[in-house]
Every structure is written in structure tokens, then in C-alpha cells.
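What follows is a structure written as C-alpha cells; I'll ask about it next.
The values are calculated or read from the model by the stated rules, or taken from the named source; none is laboratory data. These figures come from a predicted structure and were not determined experimentally. Cβ coordinates were reconstructed from backbone atoms using ideal geometry, including for glycine residues, and neighbour counts include every protein chain displayed. Ligands, DNA and RNA are excluded from the accessible area calculation, which covers all protein heavy atoms including side chains. Shrake-Rupley method; radii C 1.70, N 1.55, O 1.52, S 1.80 Å.
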Amino acid sequence: KFLYSQLNDTQKSTDFFVYSQVTEPLKPKDILEKCIHLFENSDHDSVFAAYKMHKNLWEIKNDQISLLTKKNQTEAPRQIKSPIYREDTGICCVISPEIFASGRRIGDNPGLVSYEDHSALIDIHERKDLELADFLMEK
């Protein structure tokens with residue numbers, strides 16, 4: 001962990017840090033500006049981009065599957081379900097210097113900026129990911 005006391009005076013006087021990964025190059029239009037705007041105009045200690053979803057989510061623990069989606073939402077048509085949000089700090093995360101210095105990306109009072117741009121789901125880790133990103137940028 002990086003301690004706040006290790007920041008120099010310039011870093012301590014910084015209003016915020018922006019975290020964004022180059023492996024996620026297809027960012028929704030204006031997402032960085034929207035995250036910064038929310039951070040600057042709220043009391044959130046961190047703001048991140050989040051992909052808005054309407055699907056049912058499941059997890060596997062000890063070979064058992066369990067539903068993460070609220071039971072009262074599973075049978076509803078996706079158009080009327082309450083959305084859930086997937087954290088995408090690689091797309092954008094705005095962080096206070098104190099949260100950054102503590103070694104965390106998300107603070108105790110986070111905000112989010114949702115998006116639904118499917119091309120932003122590209123996360124480049126292999127050659128095929130790069131090829132898909134190239135294809136989408138051409139379109």
C-alpha cells in the first residue's frame with residue numbers, strides 16, 4: 001500500500017487522480033469528463049465507470065451455483081428489471097489523493113457513471129482481443 005504521507009506536496013494538493021487502462025481503448029464518448037464532473041460536483045471520494053446490465057447473474061462456490069440477482073427480478077422482462085452495474089475502473093476511475101494513497105481505487109463513498117456502449121467491453125489481453133478492437137474501430 002502507498003501511504004498518503006509518501007505523497008509529495010504537489011500530489012497532496014492535487015484534487016484527484018484519474019485511473020484508466022490502455023488495455024481498454026474503446027471508451028464511451030465523454031466518459032472521462034462525466035466521471036470527473038461527478039467527482040468535482042459531489043461529495044464522492046471516488047467515481048468509476050460502470051456498465052449497465054439487465055441480465056441475471058450467477059456465481060459458483062464449492063461446485064454450487066447460486067443466483068446473485070434479486071429473486072424478485074429474475075422473472076421480469078429485462079426491459080423492466082432494475083439494472084445492475086459492472087464496475088469498470090479500467091474505463092475510468094477518478095480518485096481522491098487520500099484513497100489513492102491508501103492503495104485503494106474505490107473509496108467508502110463512491111459514485112458511478114453508467115454506460116451501455118458494448119464496444120467498451122473490449123479488454124485487450126491477447127492478440128484476438130486486439131484484432132477485435134481494430135475491427136470495431138474500423139466500423
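For PHE2, which of the numbered conditions (1) out of contact with any helix residue (DSSP H, G or I) (no Cβ under 7 Å at 6 or more places or on another chain); (2) of a type in the set (Phe, Trp, Tyr); (3) at pLDDT below 90; (4) farther than 19 Å from ILE84 by Cβ fails to hold?
Going through the list (1) out of contact with any helix residue (DSSP H, G or I) (no Cβ under 7 Å at 6 or more places or on another chain); (2) of a type in the set (Phe, Trp, Tyr); (3) at pLDDT below 90; (4) farther than 19 Å from ILE84 by Cβ, PHE2 breaks only (1).
What single numbered condition from (1) among the hydrophobic types (A, V, I, L, M, F, W, C); (2) touching a residue at least 12 places away in the same chain (Cβ under 8 Å); (3) in contact with a Ser or Thr (Cβ under 9 Å, 6 or more places away or on another chain) fails to hold for LEU67?
Tallying (1) among the hydrophobic types (A, V, I, L, M, F, W, C); (2) touching a residue at least 12 places away in the same chain (Cβ under 8 Å); (3) in contact with a Ser or Thr (Cβ under 9 Å, 6 or more places away or on another chain), LEU67 fails exactly one: (2).
Please go through (1) assigned to a loop (DSSP other than H, G, I, E, B); (2) more than 13 Å from the chain's Cα centre (by Cα); (3) within 30 Å of MET137 (Cβ to Cβ); (4) modelled with pLDDT of 75 or more for GLU24 and return the number of the only condition it doesn't satisfy.
GLU24 satisfies every listed condition except (2).
Can you report the number of residues in region 124-133 which are exposed (fewer than 11 other Cβ atoms within 10 Å of the Cβ) and modelled with pLDDT under 90?
0
Also, I was wondering about something else. Say whether the condition of being in contact with an Asp or Glu (Cβ under 9 Å, 6 or more places away or on another chain), in a loop (DSSP other than H, G, I, E, B), surrounded by fewer than 19 Cβ atoms within 10 Å (Cβ to Cβ) and at pLDDT 95 or above is met by at least one residue in region 113-123.
No, region 113-123 has no match at all.
Quick one: count up the residues across region 108-133 that are in contact with a helix residue (DSSP H, G or I) (Cβ under 8 Å, 6 or more places away or on another chain) and charged (D, E, K, R).
1
Here are the criteria: (1) in a strand (DSSP E or B); (2) touching a Pro at 6+ places or on another chain (Cβ under 8 Å). Tell me which single one VAL94 does not satisfy.
(2)
Additional query: When the residues of region 79-99 are narrowed to those that are farther than 13 Å from SER114 by Cβ and polar (S, T, N, Q), which ends up nearest to the chain's Cα centre (by Cα)?
Checked region 79-99; the qualifying residue nearest to the chain's Cα centre (by Cα) is THR89.
Quickly run through region 55-75 and pick out the residues that are at pLDDT 85 or above and within 29 Å of ILE95 (Cβ to Cβ).
The answer is GLU59, and nothing else.
How many residues are acidic (Asp, Glu) and either in contact with a Leu (Cβ under 6 Å, 6 or more places away or on another chain) or open to solvent by 50 Å² or more (accessible area, probe 1.4 Å) (or both) when one looks only at region 16-35?
Within region 16-35, residues that are acidic (Asp, Glu) and either in contact with a Leu (Cβ under 6 Å, 6 or more places away or on another chain) or open to solvent by 50 Å² or more (accessible area, probe 1.4 Å) (or both) number 2.
Scan region 48-61 and give yes if some residue there is open to solvent by less than 80 Å² (accessible area, probe 1.4 Å), within 27 Å of THR23 (Cβ to Cβ) and in a helix (DSSP H, G or I), otherwise no.
no
Would you check if there is a residue in region 124-136 being within 15 Å of the chain's Cα centre (by Cα), farther than 13 Å from LEU26 by Cβ and outside any helix (DSSP H, G or I)?
No: zero hits.
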